[in-house]
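The values are calculated or read from the model by the stated rules, or taken from the named source; none is laboratory data. All values derive from a computational prediction rather than experimental measurement. Here the Cβ positions follow ideal geometry from the backbone for every residue, glycine too, while neighbour counts run over all protein chains shown.
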Amino acid sequence: MKQIFLTSLLLIALIACRQQSTTFEEKFSIHTVTKYLVNNDDKIIRRVYYRELDKNQNTILEIFYNDDGSKIIHTKNFIGDREAIEIIQYYNSQNILDSQNTNVIYFNLSRKIDRTLLLDSHGDTSRIVQFFYDSQGNLTLQQEFIKRLNYSLKTEINYEYLPNGNLSKIVLINNIEPKKKIIEVFTYQIENQCISKLVLDETNSTKEIVNYKYNSLGLIVEEVHNFPSGNLEKYKYFYTFY
C-alpha cells in the first residue's frame, strides 16, 4: 500500500515540475536532470532522482534513489506516436534486481497520455490509470485502479487551474481511506514559475511547505521542504543539454 501511495505522489510531483519548465523546453533541449539532497551548506548528501530525455524532449529514463540504497529504474521505449512500453525495475540496497513490471502507455491524438496498464511479472494487469483533459488540454482528472487479492484501491487525483492555465490545486483521495485526502496548493510569482507548494491533510493542517528557486533560464534549481516540526529538507537540481 505504501509503495502505491508513493507512486501516486511521484506522479503529482512530476506533472507539476513538467508544467513549470514548459517555456524553457520549447526553446532549448534538456538532456538530463539530476536532483540531489543537500545539507544547509549545499553539500551533496545523496542523489535522489535522475531523468534523461531524448532530443524530442520525451523522457526515456528515470531513476528514483531511496535513502536505504535501493532504487527504481523506469526505462521507456516509444512505439510510434500512440504507444510506449515502460520497464520498471526494483533494485534492493545490494543493487540486486528484486522484481520487474511493465507499464504500457497509450497516447491520444494530441500526444497526451490517455491511459496506462501496469503488468506484473506474471503478465497480469495490476494497475490501470486513466487520464482526462479539458478543452484546453489541461489534465483535470487522473483515476487509478489497483486490484489485489484482498482489496481493490481506487485513487482519484483532481487538478484545478488558474485562468492563465497554471496549475493551482491538486486533490488526492482513495476509496480505502476516503477521509484521508491530500491537498496541494500552488503559488506563483511570475508566469509559469511556481514559487511555493502548500500540502494540507484532510483537516486542513499543514503537512509541509515546499519553496522553489529558479535560474535565469526558468529552470528549478532549488527545492526546500519545510515541515511543521521545524525540520527541513533541501534539494538541488543540475541539468545538461543537447
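The rows are residues; the columns are (1) out of contact with any strand residue (DSSP E or B) (no Cβ under 7 Å at 6 or more places or on another chain); (2) of a type in the set (Ser, Thr, Tyr).
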position: Leu119; (1), (2): no, no
position: Gln130; (1), (2): no, no
position: Thr140; (1), (2): no, yes
position: Glu144; (1), (2): no, no
position: Tyr159; (1), (2): no, yes
position: Leu162; (1), (2): no, no
position: Asn192; (1), (2): yes, no
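Every test in (1) within 16 Å of the chain's Cα centre (by Cα); (2) in contact (Cβ under 8 Å) with a residue 24 or more places away in the chain; (3) over 21 Å from Val221 (Cα atoms) is passed by Lys169 save one, and that test is (2). Every test in (1) of a type in the set (Asp, Glu); (2) touching a Ser or Thr at 6+ places or on another chain (Cβ under 7 Å); (3) within 23 Å of Tyr239 (Cβ to Cβ); (4) loosely packed, with under 11 Cβ neighbours inside 10 Å is passed by Glu52 save one, and that test is (4). With respect to being part of a strand (DSSP E or B), of a type outside the set (S, T, N, Q), modelled with pLDDT of 95 or more and within 22 Å of Ile157 (Cα to Cα), Phe64 fits the description.
Taken together, Ser93, Ser21 contain a single residue that is out of contact with any Lys or Arg (no Cβ under 8 Å at 6 or more places or on another chain) and at pLDDT 95 or above, which is Ser93. Selection over segment 67-98 of residues that are part of a loop (DSSP other than H, G, I, E, B) and basic (Lys, Arg) gives a count of 1.
Evaluation of Ser229 against the conditions (1) modelled with pLDDT of 95 or more; (2) over 24 Å from Val129 (Cα atoms); (3) of a type outside the set (Val, Ile, Thr); (4) buried (at least 17 other Cβ atoms within 10 Å of the Cβ) shows that the sole unmet condition is (4).
Selection over segment 70-128 of residues that are among the hydroxyl-bearing types (Ser, Thr, Tyr) and over 20 Å from the mean Cα position of the chain (by Cα) gives a count of 5. Among the candidates Glu202, Glu160, Glu208, the residue that is outside any strand (DSSP E or B), more than 24 Å from Thr59 (Cβ to Cβ) and among the acidic types (Asp, Glu) is uniquely Glu202.
Please specify each residue of segment 204-226 satisfying the condition of being under 28 Å from Glu52 (Cβ atoms), hydroxyl-bearing (Ser, Thr, Tyr) and surrounded by fewer than 16 Cβ atoms within 10 Å (Cβ to Cβ). Once the filter is applied, which keeps residues that are under 28 Å from Glu52 (Cβ atoms), hydroxyl-bearing (Ser, Thr, Tyr) and surrounded by fewer than 16 Cβ atoms within 10 Å (Cβ to Cβ), segment 204-226 yields only Ser216. Selection of segment 224-242 for residues being touching a residue at least 40 places away in the same chain (Cβ under 8 Å) and in a strand (DSSP E or B) yields Glu233, Lys234, Tyr235, Lys236, Tyr237, Phe238, Tyr239, Thr240, Phe241. Figure legend. Inter-residue proximity from segment 96-122: first residues loosely packed, with under 10 Cβ neighbours inside 10 Å, second residues part of a strand (DSSP E or B), beta-carbon distance below 9 Å, spacing 6+ or different chains. Indicated pairs: Ser110/Tyr133.
Hey, could you check segment 131-154 for residues that are touching a Phe, Trp or Tyr at 6+ places or on another chain (Cβ under 8 Å) and in a strand (DSSP E or B) and say which is farthest from Ile209 (Cα to Cα)? By that ranking, first place goes to Ser152.
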